[in-house]
1. Search the range 336-358 for residues being of a type in the set (A, V, I, L, M, F, W, C) and out of contact with any helix residue (DSSP H, G or I) (no Cβ under 6 Å at 6 or more places or on another chain), and hand back the single one that is nearest to residue 118 (Cα to Cα).
2. Filter the range 33-91 for residues that are closer than 27 Å to residue 346 by Cβ, aliphatic (A, V, I, L, M) and either assigned to a loop (DSSP other than H, G, I, E, B) or within 16 Å of ligand 2 (Cβ to nearest atom) (or both) and give the result.
3. In the set 258, 303, 298, which member is in the same structural domain as residue 205 (by TED's automatic domain parsing) and among the β-branched types (Val, Ile, Thr)?
4. For the range 300-313: of the residues being among the hydrophobic types (A, V, I, L, M, F, W, C) and surrounded by 19 or more Cβ atoms within 10 Å (Cβ to Cβ), which is farthest from ligand 1 (Cβ to nearest atom)?
5. Which condition does residue 83 not pass, out of (1) over 23 Å from residue 316 (Cβ atoms); (2) buried (at least 21 other Cβ atoms within 10 Å of the Cβ); (3) within 16 Å of ligand 1 (Cβ to nearest atom), if it passes all the others?
6. Could you list, in sequence order, all residues of the range 14-32 that are within 16 Å of ligand 2 (Cβ to nearest atom) and of a type in the set (Gly, Ala, Ser)?
7. Just the residues that are touching a helix residue (DSSP H, G or I) at 6+ places or on another chain (Cβ under 6 Å) and without any contact (Cβ under 8 Å) to a residue 60 or more places away in the chain, please, taken from the range 160-178.
Amino acid sequence: MKIDAIYLKKFRNYEETKIQLSPRINLFLGNNGQGKTSLLEAVWTCINGQSYRTSVTKNLIKFGSDDARIEIRTSGDNSINEIKLVIEENKKKIFVNDKKIKNRTELKRILSAVILDREFKENLEKSHRPRRIILDSIISNISLGFKKKLKLYNDEIRRKNEILSSTKDDEILDFIDKRLIDLSYSLSEERHLWIDRMSKIAEKVLKKLDSKISLKFRIDSDSLDINNLTKKLKTNRTKEKITRKCMTGSHKDKISFILNKSDAFEFGSEGEKKSLSMALKISEILLIKKINKDYPIILVDEIGSEFDKERFNFFYRFIATLETQCFITANNKSILEPYKNKQSSVFSIINGDCKKIS
Ligand SMILES: Nc1ncnc2c1ncn2[C@@H]1O[C@H](COP(=O)(O)OP(=O)(O)OP(=O)(O)O)[C@@H](O)[C@H]1O
Ligand SMILES: [Mg+2]
């Protein structure tokens, strides 16, 4: 599946733009602040029904406007689909072939995308919480089942925190804890399974850059052992009533990657952290392909400066070998080097307007 055309109206800094795309490589050139990331965000938002940059719907609408529109036409597998997203101040309406859909997971059946940007590495290296959130977003992109589980779990934690902030009723808290034990175990177990699959693929990728490298992962979690989790929830109850926050469960899992025997995000060099981030993204692409039997669309937002020449060429050559559609932003054309002989279109983005230049 690929995107043939995109139409944007009043999305971020775009007034109105219509673009016909190449089925393979699409390179978007532009200086800072012209709308490159916003274009990738529009593609992602239309495919997933929500942005990866903000949860505030109205931020997507051009300043001073009432609503925004994103429309994409996709084709492949002998089918053509039109996805339309109407973004209003507090809500989004999604239409597939002019039929309004209620659940954005329906979009996932049409096509999927993977995004690589600088924030990915930044989130992995910041601390355990952003690392867990960004890895959960990858797993949710691969597995709809995990995404649903995560939502149920987060809703239950919210409910518990509300009780901890209000009545602190032990009977209700016992009831919620019982549900949390099951949800937490199941969520952490599935998280463990996917990270295991991801890190095995990532290790193979890293070995292509350095054959001696080894990659393992570790999850420090109270939730992988039900007895331990039950005990911890009991002993933490008094503390939780004081802090008004649930302190035990899957949302406290700590995930580490061990590169050649030491924690990559604690002790790794910049280059090692970059390589690991890139390898984890490649594992996301390959796992989506395995499950959907189709490659995701690949969105790459100006990661040129993130890599040295060797890693840069490795990553771009890898995505060049995949027969999938890519959207790449950059500030110069040299990025096209690994794509010689590949079908490509180059666009220029200036002040929220996108024009094909070759
Ligand atoms: N809701 C909005 N309405 C109008 N303009 C917006 C809105 N949200 C963001 N912008 C502006 O849109 C412009 C383009 O932002 P974008 O992040 O797409 O730039 P970019 O081309 O990726 O730049 P860079 O090279 O710095 O990453 C910015 O000037 C930003 O301030
Ligand atoms: Mg940008």
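The values are calculated or read from the model by the stated rules, or taken from the named source; none is laboratory data. In this text, all values refer to a predicted model and were calculated from it rather than measured experimentally. Glycine also receives a Cβ, built like all others from the backbone with ideal geometry; neighbour counts cover every protein chain displayed.
1. It comes out as 336.
2. 39, 40, 42, 43, 60
3. 258
4. Among those that are among the hydrophobic types (A, V, I, L, M, F, W, C) and surrounded by 19 or more Cβ atoms within 10 Å (Cβ to Cβ), it is 312.
5. If we test residue 83 against (1) over 23 Å from residue 316 (Cβ atoms); (2) buried (at least 21 other Cβ atoms within 10 Å of the Cβ); (3) within 16 Å of ligand 1 (Cβ to nearest atom), just (3) comes out false.
6. Hit for the range 14-32 is 30, nothing else.
7. Within the range 160-178, 163, 172, 176, 177 meet the criteria.
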